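Engineer: Have a look at this one.
The values are calculated or read from the model by the stated rules, or taken from the named source; none is laboratory data. As the structure is a prediction and not an experimental result, all values here were calculated from the model. Every residue, glycine among them, receives a Cβ derived from its backbone with ideal geometry; neighbour counts consider all protein chains shown. Areas reflect the complete protein model, heavy atoms only, side chains present, ligands, DNA and RNA absent. Shrake-Rupley method; radii C 1.70, N 1.55, O 1.52, S 1.80 Å.
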Amino acid sequence: MNNPTSFTDRENWSGEWYELAIEIGDTSDKRLQGALSALWRAAAIEGCYGRDREPEEQDEVACTVSSLAEFGFLRGTVTLPTGHRVVCGCVAVREDGGSDWLDFYLPVAALERIDERFGSYRFDQAGGKAVFGWRRTYDDWLADIGTSVYQEVPFQLGLIGFETSGTIDARELNGTPPEERWMGYLLPADGVLRYVAANR
């Protein structure tokens, strides 16, 4: 039986990611750590692991920037707003002369095992059909997580959707999301975070 919470089932990790990518800002271990800790709490992630083994076969690691640097990622399981549990992970991208990013991801292959609509998005997207209303449940949940992180560590930009990390940054966006949106945006202005949902 396919298990969307299995760390060692390679099928769970294959393919693309569904993400909340957060552009934190200028390089800062302190701010990155604050955002990482806030993310883990806000998403209620169970466990914190750094190896490709089942949780019962390894010790938990500290949820720290040092662990991210050592293992390259941190993993756990999370309960989706539908009530299903799936594997999840987190990576940091630290740009030379640019921003720190924190990327919380849900593997699409694992999501397909609990909601087959994730597997159909490629065809629908290629056809340009606005059929993604079902995404709002997941997107709104990720937006809530991002909002909780922002309350502890104000950031420059949040992106929500399929493979969002690295597609655009706060400087390029300049506070104005496009009219047709394949991803959701978390946009700060005057200390308030605004969520602009995907509409495609």
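Engineer: Please enumerate the residues belonging to the stretch 87-111 that are part of a strand (DSSP E or B) and either over 13 Å from the mean Cα position of the chain (by Cα) or charged (D, E, K, R) (or both).
Structural biologist: Residues satisfying the conditions are R94, S99, D100, D103.
Engineer: Please count how many residues of the stretch 25-83 are in a helix (DSSP H, G or I), out of contact with any Gly (no Cβ under 9 Å at 6 or more places or on another chain) and open to solvent by 80 Å² or more (accessible area, probe 1.4 Å).
Structural biologist: Looking only at that region, the number is 7.
Engineer: Go through (1) open to solvent by 40 Å² or more (accessible area, probe 1.4 Å); (2) in contact with a helix residue (DSSP H, G or I) (Cβ under 9 Å, 6 or more places away or on another chain); (3) closer than 25 Å to F155 by Cα; (4) part of a loop (DSSP other than H, G, I, E, B) one by one and return the number of the condition N3 breaks.
Structural biologist: (3)
Engineer: Across the stretch 153-194, which residue is surrounded by the most Cβ atoms within 10 Å (Cβ to Cβ) among those that are aliphatic (A, V, I, L, M) and in contact (Cβ under 8 Å) with a residue 40 or more places away in the chain?
Structural biologist: From the stretch 153-194, those aliphatic (A, V, I, L, M) are 153, 157, 159-160, 168, 170, 173, 183, 186-187, 189, 192-193; that's our starting set.
Pick out the ones that are also in contact (Cβ under 8 Å) with a residue 40 or more places away in the chain and you get 153, 157, 159-160, 170, 186, 193.
Working: V153: 21, L157: 23, L159: 26, I160: 29, A170: 16, L186: 25, L193: 17.
So the residue we want is I160.
Engineer: Could you please tell me which pairs satisfy a Cβ distance under 9 Å, a separation of 6+ or placement on different chains, a first residue in the stretch 24-46 that is over 20 Å from L187 (Cα atoms) and of a type in the set (V, I, T), and a second residue that is modelled with pLDDT of 95 or more and in a helix (DSSP H, G or I)?
Structural biologist: That search, which allows pairs on different chains as well, returns I45/L39.
Engineer: Let me confirm something: among E46, E23, E95, which residue is at pLDDT 95 or above and either of a type in the set (G, A, S) or out of contact with any helix residue (DSSP H, G or I) (no Cβ under 8 Å at 6 or more places or on another chain) (or both)?
Structural biologist: E46
Engineer: Output the residues belonging to the stretch 49-66 that are in contact (Cβ under 8 Å) with a residue 24 or more places away in the chain and over 12 Å from S6 (Cα atoms).
Structural biologist: Answer for the stretch 49-66, where residues must be in contact (Cβ under 8 Å) with a residue 24 or more places away in the chain and over 12 Å from S6 (Cα atoms): Y49, G50, C63, T64, V65.
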